[in-house]
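Right, one structure below, let's go through it.
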Amino acid sequence: MLRLDGITKIYKVGAFGGRTMTAVDDVSFDLRPGEVVSLIGESGSGKTTIGRMILGLTSPSGGSITLDGARVTPGKAYYRHVQGVFQDPFSCYNPVFKVDRVLQMIKNEYFPGVAASEWEGRITESLKEVRLNPGQVLGKYPHQLSGGQLQRLLIARALLLDLRFLVADEITSMLDASTRIDVLNLLADLKSRGLGVLFVTHDLSLGNYISERAVVLYRGQVVESGPTEMVFGNPLHPYTIKLLSSVPQLTTKWDGASATLRDDGPAAPSTLVEAEPGHLVRQDDAPTRLRSVS
Amino acid sequence: MTAVPARRHEGLYFAIRNGKLLAGLVVLVPLIVLAVAGPMFVEGDPNAYVGIPASSPSAEHWFGTTMFGQDIFAQFLYGMRVTFVVGLLGGGLAAIIGMVIGFTAGYRGGLVDEVLNMLTNIVLVLPALAVLLIVNAYLGIRSVGVQALFIGLTSWPWAARAIRAQTFSLRSRDFVDLARLSGVRTWKIIVREIAPNMSSYLFMTFILLFGGSILIAASLDFIGLGPSQGVSLGLMLNNAARWSALHLGMWWWFVPPGAGITAIVGALYVTNVGLDEVFNPKLREL
C-alpha cells in the first residue's frame, strides 16, 4: 500500500526566496493495489505536485510517503515498483533518439544481464498488453508516432518492470476521444490485475468512469474524498457541488447563466470530517467562500 | 525515400549523403593534412631569409616572399599548424570548461547555480589583456601552449552562460524525468539525454571558440604578447599590415594567411550546419 501522510509542499518564491507559496497543504490518502484513485482538481490545485512527490521527482517539505509501511527513498529499488506516465507524451521522448530508447533505458538499468532475444520477447509481450504492434512503433522517432501510440508505449515501458503502482498524471488530456477511451480501458485492465493507479485529472467524467475512490483537491487541500459514488452522487462540500454542476453535459447547451467558480482569499485552516463511512468532507470556517456568479 | 538505413550506421548513412557536411570536410581535411604534414616538406626555418625580398609568387617561392625575403609558403604551412594548435587547445579548453560549468549550473540549479553563475560573471568581466600583461611580466613564459591555455581560461564564460540557459529549459522536459524514473544517474542524464539535444549547438560553441581563439591569438601576437618564436597566421597578417603590404601591392603576403583563417573557420561553420542535419532527425531530408 502506498500511503501519503500529511504531505506538504512549500515553494520559496520572489527575490531571494523571501515569500513562500504553499502548493500542497497537509494531504493524506492511500493507494491500494487493484484500485484506481482519482485525484481531481483544477489547474494549480497541486495535483501534479502530489504526483511528482510520490515519484520522488519533487521532494516534499513535510509529511511522509510510505510504501508498505517503509518510508520511500526515491531510487532504483523504488522505481522498480512505482512508475509514472505524464501528460504530454511528445515531451516524454528525447526527440533526437528513437522511441526504443525508453525501453532500452529500462534494460540497461534494471536488466543488464538479460539476453537480447529474451528481452525482445518481453518487449513484444508488454507491447501486446497495451495493444501496440511492435512493427509499427519500434525503430521510429517520436515525431513519427501519434500521441496515443506514444502514451501506450510509455505504459508498456512501465510494465517491463515489476510494477505495483502507477501515477498517471493527466495521461489522457492530450489524446482524442477514441484513443482516450482505449487508454482508460487499458488502465482498468491493469487495475483488474492488481495494479494500483493514481489517476490525476481535471476531468470529472473520466474520474467517475474509472476510479473506485476520488480525492477532490482545491488550492492544495483535500476538500472531499471517499468512494467515487459517494463523492459524485452525494457531494457535500460547496466546491465539489459547484465543480460537478460545472461539467458541460452532452445534451445541454450554454444558456448564458451557468455557474462559474470564483474564489475569495486564501484557503482557511480546515479539518476533514467523516460525513458517512469513508466519505470525508472539509469543514470550512467560511463555508461560503465559494459562490456562484451569474 | 531511398533504401532503409542500417540500424547501427544510421548516423553515417545520413552523414555521407549530406552535401553541407561533405563540402565542409572537403575544405577542412586538406587544410588539416597540410598543417600536419606540410612543414615536413619545408626544410629550414620558415623565418629564414631565403629569397629576393618582396618577390611575387613564382615556381621557386609558390606564395612569393616577404619584404625581407622570407618564403611565405613555408610560413603559411608552419603558421597553419600553430593556428590549429592554438584553436584546438584554446577553443577545446574553453569549450570543456564552459560545458562542465554550464551543464552543472543548469541542471543542479539553486545554490550551485548561484555560485557558478557568479564565477562565470567574474571571469566574464575580467580584463583579459591586463591579466595577461601581469602574467607575462611575472612568469615570462611565451609559448604556443601557454598562449592557448590563457585564451582557454579566459574565453569560456559566455559559452557557460549559453549552455546553462539551454540546460535549464531542457531539464524541465519530461524525458529527463522519465530517465530519472528509470534510475539513470545524474551525469548520465546530462551526457546522454540533455547534451545530444544540443549537440550541434555544442559543436558550434566549439567552432566559435576555435575561431575566436585564432583571432585572439593573432591580436596577442600583434601587441608582442604572443610566442616569442615561430610563426602563426595571425602573426603573418600582422606583419603584412605592419609593413604596409596592402599599400605596396604585395597581396601575396596577406591573402594566404587571411584566406587560411577564413577557410578554416568557414569550413567549420558549414560542417556544423551539416552535422545539425545529421544529429537532428527532424531536419533530415528524406
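Quick notes on this structure:
- Test: residue in the stretch B:156-177 that is farther than 30 Å from A:Val85 by Cβ, within 14 Å of another protein chain (Cβ to nearest Cβ) and among the hydrophobic types (A, V, I, L, M, F, W, C): no
- Residue among B:Ala105, B:Ala95 that is in a helix (DSSP H, G or I), at negative phi and within 21 Å of the chain's Cα centre (by Cα): B:Ala95
- Helices (runs of 4 or more DSSP H) lying entirely in the stretch A:130-239 (those with 1 or more residues that are over 30 Å from A:Val281 (Cβ atoms) and not hydrophobic (A, V, I, L, M, F, W, C)): A:134-137, A:147-159, A:177-192
- Considered as a group, the residues in the stretch A:136-153 that are within 13 Å of chain B (Cβ to nearest Cβ) and crowded, with 22+ Cβ neighbours inside 10 Å include one that is farthest from A:Glu125 (Cα to Cα), and that residue is A:Pro142.
- Scanning the stretch B:124-170 for residues that are more than 20 Å from the chain's Cα centre (by Cα) and at pLDDT 90 or above, we see that the one that is nearest to B:Trp187 (Cα to Cα) is B:Thr167.
- Single residue of the stretch A:236-264 satisfying the filter (hydrophobic (A, V, I, L, M, F, W, C) and modelled with pLDDT of 70 or more) that is surrounded by the fewest Cβ atoms within 10 Å (Cβ to Cβ): A:Leu250
- Output for the stretch A:1-26, where each listed residue is surrounded by 14 or more Cβ atoms within 10 Å (Cβ to Cβ) and closer than 27 Å to A:Ser192 by Cβ: A:Leu2, A:Arg3, A:Leu4
- Residue match in the stretch B:255-263 (condition: over 20 Å from the mean Cα position of the chain (by Cα) and either surrounded by fewer than 21 Cβ atoms within 10 Å (Cβ to Cβ) or over 22 Å from B:Val85 (Cβ atoms) (or both)): yes
- Count of the stretch A:104-118 residues, restricted to those that are surrounded by 14 or more Cβ atoms within 10 Å (Cβ to Cβ) and either assigned to a loop (DSSP other than H, G, I, E, B) or in contact with a Gly (Cβ under 8 Å, 6 or more places away or on another chain) (or both), is 3.
- Summed over the stretch A:80-103, the residues that are over 30 Å from B:Asn280 (Cβ atoms) and crowded, with 19+ Cβ neighbours inside 10 Å give a count of 1.
- Among the numbered conditions (1) more than 8 Å from chain B (Cβ to nearest Cβ); (2) under 16 Å from A:Leu160 (Cβ atoms), the only one that A:Tyr79 does not meet is (1).
- A:Ala267 being modelled with pLDDT under 80, within 19 Å of A:Thr48 (Cβ to Cβ) and either crowded, with 23+ Cβ neighbours inside 10 Å or touching an Asp or Glu at 6+ places or on another chain (Cβ under 9 Å) (or both): yes
- The sole residue among B:Ala54, B:Ala59, B:Ala23 that is within 28 Å of the chain's Cα centre (by Cα) and either in a loop (DSSP other than H, G, I, E, B) or among the aliphatic types (A, V, I, L, M) (or both) is B:Ala23.
The values are calculated or read from the model by the stated rules, or taken from the named source; none is laboratory data. Please read these numbers as outputs of a predicted model, since none were measured by experiment. Cβ sites come from the backbone with ideal geometry, for glycine too, and all protein chains shown count toward neighbours.
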